[in-house]
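The structure appears below as structure tokens.
The values are calculated or read from the model by the stated rules, or taken from the named source; none is laboratory data. The structure presented is a predicted model; accordingly, all values stated were derived computationally and were not measured. Because the Cβ atoms are built from the backbone with ideal geometry, glycine has one as well, and the counts that use them run over all protein chains shown. Calculation scope for accessible area: heavy atoms of the full protein, side chains included, ligands and nucleic acids excluded. Shrake-Rupley method; radii C 1.70, N 1.55, O 1.52, S 1.80 Å.
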Amino acid sequence: MTTSSRRYHITTFGCQMNKADSERMAGILEDMGFQWSEDPNEANVILYNTCTIRDNAEQKVYSYLGRQAKRKHEEPDLTLVVAGCVAQQEGEALLRRVPELDLVMGPQHANRLQDLLEQVFSGNQVVATEAVHIFEDITKPRRDSKVTAWVNVIYGCNERCTYCVVPGVRGVEQSRTPEAIRAEIEELGRQGYKEITLLGQNIDAYGRDLPGVTPEGRHQHTLTDLLYYVHDVPSIERIRFATSHPRYFTERLIKACAELPKVCEHFHIPFQSGDNEVLKAMSRGYTQEKYRRIIDTIRSYMPDASISADAIVGFPGETESQFENTLKLVDEIGFDLLNTAAYSPRPGTPAALWENQLSEEVKSDRLQRLNHLVNTKAAERSQRYLGRIEEVLVEDQNSKDPSQVMGRTRGNRLTFFPGDINELKGQVVQAKITEVRAFSLTGQPVVPAICA
Ligand code: SAH
Ligand code: SF4
Ligand code: F3S
């Protein structure tokens, strides 16, 4: 390969975890001398970082892959990599399905990309899906944003929600040490980043696998302790975290969020279903009453906190009246954002084998009804912003209107206002909200009064 021909392309599917992994893998490729190519057809190394949470996510990967596999017949030097959760789930089977593949690597192997590619370049077809201890990444990620950054704090998931592939593909929980996390955030601060999001599939599990207990008998390192520990990192102005699990969510954490000024008043706490029987069948480990109590407690400390969640409709055996309990919860809580999905049976998960599966018609009918309610409620929730002055961290230009910039409020609402991105990128601007839509806002920057 000549230097000019060393170009790579990554397409990322799935969740923030995958996006964070892709940024680290891009960093590794750039370290190896590869240059980013937006167009996969001009790249010599193409990496698909895949998601298998629902069947449609998985199918998308196969259609992308089919196109590049064909191209490989004319360009045998092309290197094709499948990383992420489909890779982990399918392993060797993926090579049988797409023999043109060079490398199949599970998410736990992301930091090993260089080593794995070197094996490929010396002529091997490689599958890396065994469970491993995740080593600290020593390369620098190539981050998509210069303003906001993801910071992994815990990998994997030890829950056993009966519908979910994540524990199978991401492995057991592995927490990074508070010191390693803080060092990464300090580096981000030095590079001028303003906002960080701490990431974990079940972030409330942070620290359980690290040594140390307090005199009161709780783990020494919890998410709450971590928030206090990283809060004073210079130049970082906002801290977020996701995803929270209602089973382990504590009042101590809520208090910390209320107390720590940099921690944004935004909570992503999936409830999945508003019906206790369904929650039990899902093995979620809480009731809808407990979920409501958590939200009430959050709102008692932070009345205006924004709340988002995920929900599944059409879980095996879900009756019409059980589904209506989900509608009721959504109606009563008033989410700022809700990611909804029809249940999709996944290989290797218990619920996929049950006989009480619902028809596609019932599932898509319920999904439509839920989405309709979500849009109505989100539009209602948005109204509270009208006329208010919101603190917006500017991230980018509005891609649909270059005379505007886009950023987010502390509550994570996408907000647009007129301005020059070259001047405003990374700035926190006070904006008066003049227009509200269900999931985004438009405003005018407020010019601060000049003090004498
Ligand atoms: N760790 C997070 C969610 C991870 S997966 C949590 O515990 O909530 C992201 C979302 O995908 C889930 O919240 C769930 O709503 C959805 N999901 C997961 N498995 C699914 C399946 N088999 N069918 C439909 N939706 C699913
Ligand atoms: Fe999946 Fe449940 Fe783990 Fe979330 S907590 S990743 S839904 S198994
Ligand atoms: Fe998908 Fe894997 Fe994330 S299955 S949702 S990319 S953990």
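Can you tell me how many residues in the stretch 328-353 are buried (at least 18 other Cβ atoms within 10 Å of the Cβ) and in a helix (DSSP H, G or I)? Within the stretch 328-353, residues that are buried (at least 18 other Cβ atoms within 10 Å of the Cβ) and in a helix (DSSP H, G or I) number 4.
Look through Val263, Val278, Val233 and report the one residue that is in contact with a helix residue (DSSP H, G or I) (Cβ under 7 Å, 6 or more places away or on another chain), of a type in the set (A, V, I, L, M) and closer than 22 Å to Arg160 by Cβ. I'd like the intermediate steps shown before the answer.
Values: Val263 fails: closer than 22 Å to Arg160 by Cβ; Val233 fails: closer than 22 Å to Arg160 by Cβ.
One residue alone meets the criteria, Val278.
Scanning the stretch 162-187 for residues that are more than 16 Å from ligand 1 (Cβ to nearest atom) and of a type in the set (A, V, I, L, M, F, W, C) yields a count of 4. Restricting attention to the stretch 299-320 and to residues that are of a type in the set (A, V, I, L, M, F, W, C) and touching a Lys or Arg at 6+ places or on another chain (Cβ under 7 Å), the residue that is surrounded by the fewest Cβ atoms within 10 Å (Cβ to Cβ) turns out to be Ala305.
Tell me, which residue of the stretch 73-114 that is open to solvent by less than 70 Å² (accessible area, probe 1.4 Å) and out of contact with any helix residue (DSSP H, G or I) (no Cβ under 9 Å at 6 or more places or on another chain) is farthest from ligand 1 (Cβ to nearest atom)? Full working, then the answer.
Taking the stretch 73-114 as the starting set, the residues that turn out to be open to solvent by less than 70 Å² (accessible area, probe 1.4 Å) are 78-91, 93-95, 98, 100-111, 113.
From what is left, the residues that are out of contact with any helix residue (DSSP H, G or I) (no Cβ under 9 Å at 6 or more places or on another chain) are 91, 93, 95.
Numbers: Gly91: 20, Ala93: 19, Leu95: 25 Å.
For the stretch 73-114, the residue satisfying everything is Leu95.
For every residue, the table says whether it meets (1) within 16 Å of ligand 3 (Cβ to nearest atom); (2) under 20 Å from the mean Cα position of the chain (by Cα); (3) open to solvent by 50 Å² or more (accessible area, probe 1.4 Å); (4) not basic (Lys, Arg).
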| residue | (1), (2), (3), (4) |
| --- | --- |
| Arg170 | yes, yes, no, no |
| Gln174 | yes, yes, no, yes |
| Gln191 | no, no, yes, yes |
| Glu195 | no, yes, no, yes |
| Asp209 | no, no, yes, yes |
| Glu216 | no, no, yes, yes |
| His231 | no, no, no, yes |
| Arg240 | no, yes, no, no |
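Among the criteria (1) basic (Lys, Arg); (2) modelled with pLDDT of 95 or more; (3) open to solvent by 40 Å² or more (accessible area, probe 1.4 Å), the one Lys140 does not fulfil is (2). Of the residues Arg413, Arg408, the single one that is touching a Ser or Thr at 6+ places or on another chain (Cβ under 9 Å), open to solvent by less than 50 Å² (accessible area, probe 1.4 Å) and basic (Lys, Arg) is Arg413. Screening Asp77 against (1) more than 16 Å from ligand 2 (Cβ to nearest atom); (2) modelled with pLDDT of 95 or more; (3) not in a helix (DSSP H, G or I) leaves a single unmet condition, (2). Remark: pairs (first residue in the stretch 333-350, closer than 15 Å to Lys363 by Cα; second residue hydroxyl-bearing (Ser, Thr, Tyr); Cβ separation under 7 Å; 6+ apart in sequence or on different chains) = Ala342/Ser364; Tyr343/Tyr163.
Could you identify the single residue in Asn375, Asn356 that is part of a helix (DSSP H, G or I) and either open to solvent by 80 Å² or more (accessible area, probe 1.4 Å) or more than 25 Å from Cys257 (Cβ to Cβ) (or both)? When all the criteria are applied, what remains is Asn375.
When the residues of the stretch 279-288 are filtered to those that are of a type in the set (A, V, I, L, M, F, W, C) and in contact with a strand residue (DSSP E or B) (Cβ under 8 Å, 6 or more places away or on another chain), which remaining residue is surrounded by the fewest Cβ atoms within 10 Å (Cβ to Cβ)?
Here is the first cut: in the stretch 279-288, the ones of a type in the set (A, V, I, L, M, F, W, C) are 279, 281-282.
Among the residues that remain, those that are also in contact with a strand residue (DSSP E or B) (Cβ under 8 Å, 6 or more places away or on another chain) are: 279, 282.
Values: Leu279: 24, Met282: 22.
Result: Met282.
Listed conditions (1) touching a helix residue (DSSP H, G or I) at 6+ places or on another chain (Cβ under 8 Å); (2) farther than 27 Å from Ser273 by Cα; (3) of a type in the set (Val, Ile, Thr) are all met by Thr415, apart from (1). Among the residues examined, Ile154 qualifies as within 16 Å of ligand 1 (Cβ to nearest atom), modelled with pLDDT of 95 or more and touching a Gly at 6+ places or on another chain (Cβ under 7 Å).
Are there strands (runs of 3 or more DSSP E) fully within the stretch 399-447 with at least 2 residues that are among the aromatic types (Phe, Trp, Tyr) and within 24 Å of Asn375 (Cβ to Cβ)? List them. Break it down into steps so the answer makes sense when it comes.
Working: elements: 401-408, 414-418, 428-436, 440-445.
Ranges flagged: 414-418.
Within the stretch 157-176, the residues that satisfy the criterion of being more than 8 Å from ligand 2 (Cβ to nearest atom) and touching a residue at least 40 places away in the same chain (Cβ under 8 Å) are Thr162, Gly168, Val169, Gly171, Val172, Gln174, Ser175, Arg176.
Going residue by residue through the stretch 289-298, is there one that turns out to be in the same structural domain as Leu358 (by TED's automatic domain parsing), within 16 Å of ligand 2 (Cβ to nearest atom) and buried (at least 19 other Cβ atoms within 10 Å of the Cβ)? Looking for residues that are in the same structural domain as Leu358 (by TED's automatic domain parsing), within 16 Å of ligand 2 (Cβ to nearest atom) and buried (at least 19 other Cβ atoms within 10 Å of the Cβ), one finds at least one in the stretch 289-298, hence yes.
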